[in-house]
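All remarks here apply to the structure that follows.
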Amino acid sequence: MVYTAVSILLPFAFASVTIAIPESSRFSVIPNTFPDISACAAQPSVFSCENTTVIQNTCCSPTPGGLVLQTQFWSTWTGLEKKGQKLPKGSWTIHGLWPDNCDGSFEQYCDLSRQFDPTPSPAILPDGTVVPPHTGPGVDTFIKNFGREDLLDFMNKYWINQGAPNVDFWGHEFSKHATCTSTFDVACYGPSYRKHQDVVNFFDAVIRAFHQYPTFDMLASFGIIPSNKTSYTLDKFQSAIKTQIGAIPFFGCSHNGTVLSEVWYFSHVFGTEQFGTYKTLDSTTTSSCSTTLPIWYYERTATSEREVRN
């Protein structure tokens, strides 16, 4: 860690002392991570996937991946509880922010020069391209280099991996998805671009989108809470969320469609993924949850979650 020496004059004394202040704690040294999108003022603004002409400046609107999915998990354990990797009590966890194409198809690992995933999935793309595993520093080091301990703290509370360290998951999500989102292209950050600025900017954007959809609270407000004794129906889950956001998200279930495990919120975006307005849409993907059988929204193992505060 880098430190700066600061001299302070002590009152009622003819002396001063020198103390060391970590650079990361000095607001003035924390670099900005936003892109340079000033040129977008000269471009027509539309919701992604709703443009009638080609987007000329792809830094201004996500394209072709303009169908944006904010995705979340409901897990009941992590497998790394003994290492302190636990789930946030009273909240779903972040999966990611995905740039599906407007027709529902999607690209992945679009820029291998920004490949930070230690275990790529898939390891070979449909066109035969091999995605090499990342063997360098984890993306958490990029966050620290920007002095963003606040961001890292939030991610360790709400962006939780299962069976592997959180940082591996974060690297996977950036490499597989953000590199296919035009508004996070390195070129969008202008001549003052600092290495890994786009990575930190993406993580901030994911968290901003996650805040728009407080799944646990929206369901709980309709009396839908995790239970090992009471099951629910898909229709009840869908109705509860639609009442709050005006659209039906994708609900994902395991165990033959009977155990709730994930939710995807579909949107078009006015402006950039980073800062734009999200217009939530009905899911274009059919739910994997049963429409006839009871669905279980299980309680978490007590030792697998912890109290958290933003």
Revision key, fill the gap. Expressed in nanometres to one decimal, the distance between label points 7 Å along Cα→Cβ at residue 43 and residue 57 is 0.7
Point to revise | Out-of-range pairs (alpha-carbon distance over 32 Å; input 83/236; 89/236; 176/242) | key: 83/236
Check your understanding: If the convex hull of the alpha-carbon atoms of the range 20-123 is projected onto planes in all directions, what is the mean projected area in square nanometres?
Key -> 12.1
Exercise for review: Sort the chain into rounded, prolate or oblate with this rule: let a ≥ b ≥ c be the square roots of the eigenvalues of the Cα gyration tensor; rounded if a/c is under 1.5, and if a/c is not under 1.5, prolate when a/b is larger than b/c, oblate otherwise.
Suggested key: oblate
Point to revise | For the chain, built as a Gaussian network whose Cα springs stay under 10 Å, the top-fluctuating residue of 267, 48, 113 | key: 113
**Study point:** Per-residue [θ]222 nm for the chain (sum of -39500 (n - 2.57) over DSSP H runs n ≥ 4, rounded to 500)
**Key:** -6000 deg cm²/dmol
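Between residue 113 and residue 306, what is 0.36 nm times their sequence separation minus the Cα-Cα distance? Round to one decimal in nm. Don't jump to the answer; show the numbers that get you there.
On the way: separation 193, 0.36 × 193 = 69.48 nm, distance 3.68 nm.
So the extension gain works out to 65.8 nm.
For residue 83 and residue 192, what does the FRET efficiency come to when R0 = 45 Å and r is the distance between their Cβ atoms, rounded to the nearest 0.05?
Values: r = 38 Å, r/R0 = 0.85.
For residue 83 and residue 192, the calculated efficiency is 0.75.
Could you work out how much longer the chain between residue 124 and residue 236 gets when fully extended? Use 0.36 nm per residue separation minus the Cα distance between them, nm to one decimal. Display every interim value, and only then the final one.
Values: separation 112, 0.36 × 112 = 40.32 nm, distance 3.92 nm.
Gain on stretching residue 124 to residue 236: 36.4 nm.
Compute, for the chain, the length of the dipole vector about the Cα centre, with Cβ point charges of +1 (Lys, Arg) and -1 (Asp, Glu) only. Units Debye, rounded to 20. Walk me through the numbers on the way to the answer.
Details: 20 positive and 27 negative charges, 170 e Å.
Once rounded to the nearest 20, the dipole reads 820 debye.
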Review point. Setting aside same-chain residues fewer than 8 positions from residue 86, which lysines have a Cα under 23 Å from its Cα?
Key: 144, 157
Review point. Taking neighbour counts of Cβ atoms within 10 Å as a proxy for exposure, in what order, fewest first, do 290, 192 appear?
Key: 192, 290
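Read-outs throughout are calculated quantities, based only on the coordinates presented, and are distinct from any laboratory measurement. Note that the structure is a prediction, hence the values are computed from the model and not measured. So basically every Cβ, Gly included, is an ideal-geometry build from the backbone, and we count neighbours across all protein chains shown.
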